[in-house]
Each structure stands twice: as C-alpha cells, then as structure tokens.
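Read the structure below first, then the notes.
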Amino acid sequence: MFDVIIAGCGPTGAMLAAELRLHDVRVLVLEKETEPKSFVRIVGLHIRSIELMAMRGLLDRIREHGRQRPAGGFFAATDKPAPKGLDSAHAYLLGIPQPVIERLLEEHAIHLGAQVRRGCVVADFEQDDDGVTVELADGEQLRSRYLVGCDGGRSTVRKLLGVGFPGEPSRTETLMGEMKVGVPQEEIAAKVTEIGETNKRFWLRPAGVGAYSVVVPAAGVSDRAEPPTLEDFKQQLRAIAGTDFGVHSPRWLSRFGDATRLAERYRVGRVLLAGDAAHIHPPTGGQGLNLGVQDAVNLGWKLAAQIRGWAPETLLDTYQAERHPVAEDVLDNTRAQMELHSTEPGPQAVRRLLTELMDFDEVNRYLIEKITGIGIRYDFGEGPDLLGRRLRDIDVKQGRLYGLLHRGRGLLLDRTERLTVGGWSDRVDYLADPAAALDGPCVLLRPDGHVAWIGDGQQDLDEHLSRWFGKPAN
Ligand SMILES: Cc1cc2nc3c(=O)[nH]c(=O)nc-3n(C[C@H](O)[C@H](O)[C@H](O)COP(=O)(O)OP(=O)(O)OC[C@H]3O[C@@H](n4cnc5c(N)ncnc54)[C@H](O)[C@@H]3O)c2cc1C
C-alpha cells in the first residue's frame, strides 16, 4: 500500500514525487518508458520555475547544466529586452535540455526516498472510499490512497476518469529535429535572419558539436501518424529558404502540433491530474514544462497534508481553484502568440503594433510577468496586493529567504517579534526579526512560497494558520 501512485515520470511527476517526499509520504512513480528520454530538446526554465528550484535547493545543480539567457524576447518571439528591475533575484531564462532537467528531478525525488519503477504502463484503475487500485498493462495490481495522472497530453488516467478535455485540435503542425548542415555558418545566419523577420516558425540554430536544431512548418507533410523524414525537412527548407542547406545525418526528427486543450476538472475523488495531462498548448513562449512543475509544487504539500491528516477540509480542492485559471491564462496567451506568428498581413500588422506597444515599460513588464509565472496572484480574498502572490527571494538575517524553504514547510516572517506559530510549529517555521524588506509587519508563507497572510495580530494569524494548515497540535 502506497500513499500516492504517480503515473508518469516526466518533469511534473518527478517534481510531485519529490514534493510529497518532503512530507514523508510513501510515493511510487510508474513510468512506461524503460529508459529516460534521449530526445534532446532544449527547454527554457522561466523565472518562477527557477525560483522554485532555488526554494528546494536544486538551483546550483541545475545551473551547472543550463545556459542563462536574458529573460526578454519571449512573448511571440518579439525582439524586446526585459524591462529593468523585474521583481526577482533570478531574473533570467535558463535553457536546459529536457532530458537533463527530467533526470535531475528524478534523481532528486529518488534521493528523497521516492520509488520509481520504469517499464510500467498504467492501464486501468478503480477507486473506492479508501483508495485506488491501479492496474498495469501486464495485469499487476497496486494499491494506493491517491493516484495522480502526470502521464502527459494523451493521459490514460484522464481518459479513464472520463474528464472532458475541451479545446481546439491541432491546426498547425511543425517539424523539429537536429541534424548536420553542408554550408558555412555565415551563409545560414544571413538567410535565417532575413526569413526570421516575418516567419517565426522557422529557424536553424547551432545545437553544439556541429549539429543544428531545425524548425520548419509541416505544411504539406500530411501523414501525421508517420514520423517525419529528412526528405520532409529538405522539402520544407527549400520551400521557405530556397535551399536545404545541405542538411544530413539527423540525430532525431519529430513533429508537434498546436492542439490547445484544458481538462474540465483536476480532481475526481482520489484521482488528480497535473502537467500536460491537465493542459496542452503549443510550445510558443516555452511554458508547458514550467506550468507542470508549478502544478506539482502547488499540489504536493496539499496532498501531503491530506495524507498526514492535517489538511483543512477544502485544502485539496484549492489545487484546482488556483491552478485551473493559471492554465486557462497560459492557453489563452499561447493562442494569441500563435496568431501573431501567422505570416498573413493582418496578424503581421497586429504584431508590429504589439511590438511598438512593448516599448511601454508597463506593457512589456505585464507580458513578461505573465510568461515567466511571476505575475500569478491566487485569489485568497480581499487584502494587500502581495496577498496570494509569491514572495521573491529576499535577503534575510540567515542569508536568502528561499534557503529557508527547502523543507517545503510554511514560514512566518515576524518583524514584530511578538507572534508565535504555536501549535502549528510541526508544519510552519518561524523567523523573528528577519531584517528583510517586507511589505508588511509579518508575512505567512505557504510551502509553495505564496503569501497566505499579512498582518500583526495573533488572533488573525491563528485564523489564517487554521485556514491553510488545519487544526493546531495539542
Ligand atoms: C517542441 C517543444 C518545445 C517545448 N519547449 C518548452 C519550453 O521551452 N519550456 C517549457 O516549459 N515547455 C516546453 N515544452 C513543453 C514540455 O515539453 C511539456 O509541457 C512537458 O514535457 C510536460 O511535462 P509532463 O511531465 O506533464 O508530461 P510529459 O513530459 O509528457 O511526461 C509524461 C510521462 O508519462 C509517461 N506515461 C505516459 N503514459 C503513461 C502510462 N499509461 N503509464 C505510465 N507512464 C506513462 C510518459 O512516458 C512520460 O514520461 C515544449 C514542447 C515541445 C513539443
């Protein structure tokens, strides 16, 4: 008997497993692939995800494998630098191969005590009042108290749950691959710059050791069921650039679409959905993995609280209440970005107008805060602007704030030195006189770093501790 079975060991599943282990929850991750993916796609970790890695003590390890790039230029690939003074100590983008971030997150989960079983396909499940019986494709049955489907866009768990996945099917397909080229770099660079002015769905970029990452529209490459061939890439390159750049020796070739869908519910009884299993959208702006990792950090402590027995009655349902609107917003901004990628005159005109508007600092800041996840404000009710937002990694007496959040517990920052977390001290840490630039006398942080309360009265604090952390221990 496990507490939680997670279907899928992608970035979402691995992060969730690690978050649950911070609270001693017995976790089993079932992954259908026998080996980690070898598909080297560079993904970008945006500011909020980088912050989460810092909050869990993972950032130094991840940074060793990633490349820092400026945070700007992500909304519809609009060539605008980020505005000055973004509200983060980690205001950059971290480019990292997806298999590497997946491996690091899986290692982190295993290090914390999660079990990961590869080559196990979740084929069916049945839930009852006490738990979930999970059946694997080979007929083996496993039992847990909860099941979380982190099994990607084609999620078996979501389909078996019968949860609707409304949205739009894929309309625009794109080819992506890594291969060698037969012409000098300067020749490629000049052509790419010229075409890139108007066509944002085309690029050839050096991908290390003589290889290039190639992206071209798949228009006319009709059979979606078949993997693309090198000839498909050559044809598309010739159609767009008038040359195929002598591409040869592909390392991998793939295709992706722009289907945009959002699960109607994130929870049915003891079964939950997170990551691509709950939402899919085109990769424009590089948000999918970030969204999944952030789902995992939102869900982890709540599910752990439910299992440990201290969760207030409605806590687990705040997962959907908070994360569904965030995904809705990401889906919408990717829809908008896809329109701006069109080479038609109308969208190109809107694109030029938006590019001009982004010269206004507030517009640029608004879009960057959206894409990077630092603009998210959960609805915790009436209160100061900081309530419901994440607190940036500020300096505190003991070093950096995020260094105090590695264990995934709540934290009270008390500048009055008069308050106490009392009977919640097994779940919430306390820091008196943090000497920090706080926007309030005292701030209560949830384990995911979001501000749950701002104030200075003990009774008010106790009410909010109960709201988020349940009944106090005796
Ligand atoms: C071209 C491209 C570029 C992208 N770039 C970015 C980017 O820059 N930034 C970004 O944030 N996102 C990016 N993304 C999106 C990102 O790759 C996904 O959003 C992310 O992988 C989702 O993670 P996940 O763990 O939710 O799902 P997945 O990564 O799909 O993982 C699901 C896992 O579940 C396993 N599984 C499936 N079914 C079962 C089953 N029945 N039983 C057991 N295991 C199962 C799968 O094998 C897989 O390992 C990009 C996507 C594409 C296509």
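The values are calculated or read from the model by the stated rules, or taken from the named source; none is laboratory data. Just so we're clear, the structure is a prediction, and the values are computed from it rather than from any experiment. Note that we place each Cβ from the backbone using ideal geometry, even for glycine, and neighbour counts take in every protein chain shown. Surface areas here come from the heavy atoms of the whole protein model, side chains and all, with no ligands, DNA or RNA. Shrake-Rupley method; radii C 1.70, N 1.55, O 1.52, S 1.80 Å.
Of the numbered conditions (1) modelled with pLDDT of 95 or more; (2) farther than 22 Å from Val428 by Cα, Leu391 satisfies every one except a single condition; which is it?
Condition (2) is where Leu391 drops out.
Working only within the stretch 375-412, note down all residues that are within 30 Å of Ala77 (Cα to Cα), in a loop (DSSP other than H, G, I, E, B), open to solvent by less than 50 Å² (accessible area, probe 1.4 Å) and among the charged types (D, E, K, R).
The one that is within 30 Å of Ala77 (Cα to Cα), in a loop (DSSP other than H, G, I, E, B), open to solvent by less than 50 Å² (accessible area, probe 1.4 Å) and among the charged types (D, E, K, R): Asp393.
Would you confirm whether or not the stretch 13-23 contains a residue that is within 11 Å of the ligand (Cβ to nearest atom), assigned to a loop (DSSP other than H, G, I, E, B) and surrounded by fewer than 24 Cβ atoms within 10 Å (Cβ to Cβ)?
No: the stretch 13-23 contains no residue that is within 11 Å of the ligand (Cβ to nearest atom), assigned to a loop (DSSP other than H, G, I, E, B) and surrounded by fewer than 24 Cβ atoms within 10 Å (Cβ to Cβ).
Scan the stretch 454-472 and tell me whether some residue there is open to solvent by less than 50 Å² (accessible area, probe 1.4 Å), modelled with pLDDT of 95 or more, basic (Lys, Arg) and closer than 17 Å to Ala304 by Cβ.
No, that holds for no residue.
Mind listing whichever residues of the stretch 337-374 are β-branched (Val, Ile, Thr) and open to solvent by 30 Å² or more (accessible area, probe 1.4 Å)? Show your work before the answer.
Step one: of the stretch 337-374, the residues β-branched (Val, Ile, Thr) are 343, 350, 355, 363, 368, 371-372, 374.
Passing the criteria: Thr343, Val350, Thr355, Val363.
Please go through the stretch 237-276 and give me each residue that is out of contact with any Cys (no Cβ under 6 Å at 6 or more places or on another chain), within 15 Å of the ligand (Cβ to nearest atom) and assigned to a helix (DSSP H, G or I), ordered by number.
Scanning the stretch 237-276 gives a single hit, Asp276.
Okay, residues lined up against (1) out of contact with any Leu (no Cβ under 7 Å at 6 or more places or on another chain); (2) without any contact (Cβ under 8 Å) to a residue 12 or more places away in the chain; (3) more than 28 Å from Arg335 (Cα to Cα):
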site: Cys9; (1), (2), (3): yes, no, no
site: Gly13; (1), (2), (3): yes, no, no
site: Ala54; (1), (2), (3): yes, no, yes
site: Phe75; (1), (2), (3): no, no, no
site: Thr78; (1), (2), (3): no, no, no
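Lys32 - would you say it is within 10 Å of the ligand (Cβ to nearest atom), modelled with pLDDT under 95 and open to solvent by 20 Å² or more (accessible area, probe 1.4 Å)?
When the stated conditions are applied, Lys32 does not pass them.
For the stretch 138-158, which positions are part of a loop (DSSP other than H, G, I, E, B) and either open to solvent by less than 70 Å² (accessible area, probe 1.4 Å) or among the aromatic types (Phe, Trp, Tyr) (or both)?
Listed by number, the residues that qualify are Gly139, Glu140, Cys150, Asp151, Gly152, Gly153, Ser155.
Take the residues of the stretch 106-123 that are within 9 Å of the ligand (Cβ to nearest atom) and of a type in the set (A, V, I, L, M): which is most open to solvent (accessible area, probe 1.4 Å)?
Val121
One residue is enough: does the stretch 315-327 have a residue meeting the conditions in a loop (DSSP other than H, G, I, E, B), surrounded by fewer than 21 Cβ atoms within 10 Å (Cβ to Cβ) and on the phi > 0 side of the Ramachandran plot? Don't jump to the end; show me each part of the working.
Keep residues of the stretch 315-327 that are in a loop (DSSP other than H, G, I, E, B), which gives 315-317.
Adding the requirement that they be surrounded by fewer than 21 Cβ atoms within 10 Å (Cβ to Cβ) leaves 315-317.
Next, from what is left, pick out any that are on the phi > 0 side of the Ramachandran plot: none.
No, the stretch 315-327 has no match at all.
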